[in-house]
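Colleague: Please see the structure below; I have some questions.
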Amino acid sequence: MSSQATGFTPADAAATWTQTLIEPLLSSARRAIAEDAMTRVCTHHPRWAVAFFGGFIADMVGTFPPEDPWRTLSGRVGSEVFGPRPPATTGAVTASGAPFGTWNDSADRLPLIYRLPGDDPQMVAVADPLPDVSAGVIAASCYGWRDAVKALTFVQLSSPPAGEAPPAKWLPRWSGANLYAVASQAARWVVHRRRSYAGHDDVWPLESAFRWAWRADRIAADAPWPEADVDTQIAEETQVWDVVPGFGPDDF
């Protein structure tokens with residue numbers, strides 16, 4: 001059944017899905033429905049999904065303070081490279097050349113309170129390593145929404161690893177699920193990073209998602225839209241680097 005026949009639109013899915021990033025107390029049923037809906041969008045409306053996720057992720061990164069080390073990553077997604085020092089394989093590195101994508105990359109903003117990041121309420125969201133391809137997407141977003149879209153387009157057009165390809169009729173579903181997994185992981189990490197500045201009551205992710213759903217409708221339809229608004233709104237939301245007080249497990 002088509003999305004038009006059911007009244008479902010990609011923008012509806014995006015609005016619901018974004019709630020999963022900012023409200024940890026969503027019921028498991030609502031969360032599952034939202035994630036399934038966005039996976040379907042990635043499967044049946046891939047161009048829309050790439051525009052939405054690319055813009056959304058770049059909006060988050062663009063509002064980090066200029067001195068934030070996450071603003072100066074270099075990365076690679078397949079054959080697409082971003083920044084001055086892209087790694088030889090898919091992934092991302094910091095300005096110093098260190099691999100990017102573990103909880104340690106968040107410790108400059110959120111000092112570890114518990115002894116293990118998986119037990120720490122501030123760090124548990126990034127306790128598991130970020131997949132290399134998602135790290136590459138975050139690096140691409142350092143250079144604007146168009147580069148983020150370029151990285152995600154490569155992901156969307158990728159083939160399954162050798163020996164893991166499903167039957168041909170399932171390839172679109174594999175592609176959609178893969179795109180969702182890569183993009184949503186990157187989105188989750190950058191929202192977590194922004195939250196270290198703006199706090200848990202930050203509404204910018206919701207505003208950004210609304211704006212990029214509207215823009216993705218027009219990008220997918222090859223319709224004009226005011227692209228200059230992107231930089232203007234990012235400038236209005238840019239955060240300020242502040243000193244994070246030190247605290248550790250021995251302080252209990």
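Colleague: What's the number of the only condition in (1) closer than 21 Å to P10 by Cβ; (2) of a type outside the set (F, W, Y); (3) in contact with a Lys or Arg (Cβ under 9 Å, 6 or more places away or on another chain) that S196 fails to meet?
Modeller: Condition not satisfied by S196: (1).
Colleague: Considering every residue within the range 28-42, establish whether at least one is assigned to a loop (DSSP other than H, G, I, E, B) and at pLDDT 95 or above.
Modeller: The first filter runs over the range 28-42 and keeps only residues assigned to a loop (DSSP other than H, G, I, E, B), leaving none.
Within the range 28-42, not a single residue is assigned to a loop (DSSP other than H, G, I, E, B) and at pLDDT 95 or above.
Colleague: Additional query: Does the range 96-116 include one or more residues that are part of a loop (DSSP other than H, G, I, E, B), acidic (D, E), farther than 30 Å from R215 by Cβ and free of Cβ contacts under 8 Å to residues at least 60 places away in the same chain? Spell out how you get there, then give the answer.
Modeller: Keep residues of the range 96-116 that are part of a loop (DSSP other than H, G, I, E, B), which gives 96-98, 100-102, 107-116.
Now restrict to residues that are acidic (D, E): 108.
The next check asks that each one be farther than 30 Å from R215 by Cβ; those that pass are 108.
This time we only want the ones that are free of Cβ contacts under 8 Å to residues at least 60 places away in the same chain, so: none.
No: zero hits.
Colleague: Would you check which residues across the range 73-111 are hydrophobic (A, V, I, L, M, F, W, C) and touching a helix residue (DSSP H, G or I) at 6+ places or on another chain (Cβ under 7 Å) and list them?
Modeller: Residues of the range 73-111 that are hydrophobic (A, V, I, L, M, F, W, C), as a first pass: 73, 77, 81-82, 88, 92-93, 95, 98, 100, 103, 107, 110.
Those that are hydrophobic (A, V, I, L, M, F, W, C) and touching a helix residue (DSSP H, G or I) at 6+ places or on another chain (Cβ under 7 Å): L73, V77, F82, A92, A95, F100, W103, L110.
Colleague: Can I ask one more? Condition first: assigned to a strand (DSSP E or B), touching a residue at least 24 places away in the same chain (Cβ under 8 Å), out of contact with any Phe, Trp or Tyr (no Cβ under 6 Å at 6 or more places or on another chain) and farther than 17 Å from R195 by Cβ. Can you find one or more residues in the range 61-77 that meet it?
Modeller: Step one: list which residues in the range 61-77 are assigned to a strand (DSSP E or B), which gives 74-77.
Imposing the further condition that a residue be touching a residue at least 24 places away in the same chain (Cβ under 8 Å) reduces the set to 74-77.
If we keep only those that are out of contact with any Phe, Trp or Tyr (no Cβ under 6 Å at 6 or more places or on another chain) too, we end up with 74, 76.
Still in the running and farther than 17 Å from R195 by Cβ: 74, 76.
Yes, because at least one residue in the range 61-77 is assigned to a strand (DSSP E or B), touching a residue at least 24 places away in the same chain (Cβ under 8 Å), out of contact with any Phe, Trp or Tyr (no Cβ under 6 Å at 6 or more places or on another chain) and farther than 17 Å from R195 by Cβ.
Colleague: Those residues that are crowded, with 21+ Cβ neighbours inside 10 Å and either aliphatic (A, V, I, L, M) or part of a loop (DSSP other than H, G, I, E, B) (or both), I need them from the range 43-60; list them, please. Please lay out each step first, then the result.
Modeller: To start, the set of residues in the range 43-60 that are crowded, with 21+ Cβ neighbours inside 10 Å comprises 48-60.
A49, V50, A51, I57, A58, M60, listed by residue number.
The values are calculated or read from the model by the stated rules, or taken from the named source; none is laboratory data. These numbers were taken from a predicted model, which means no experiment stands behind them. All Cβ positions, even for glycine, are placed from backbone atoms using ideal geometry, and neighbour counts span all protein chains on display.
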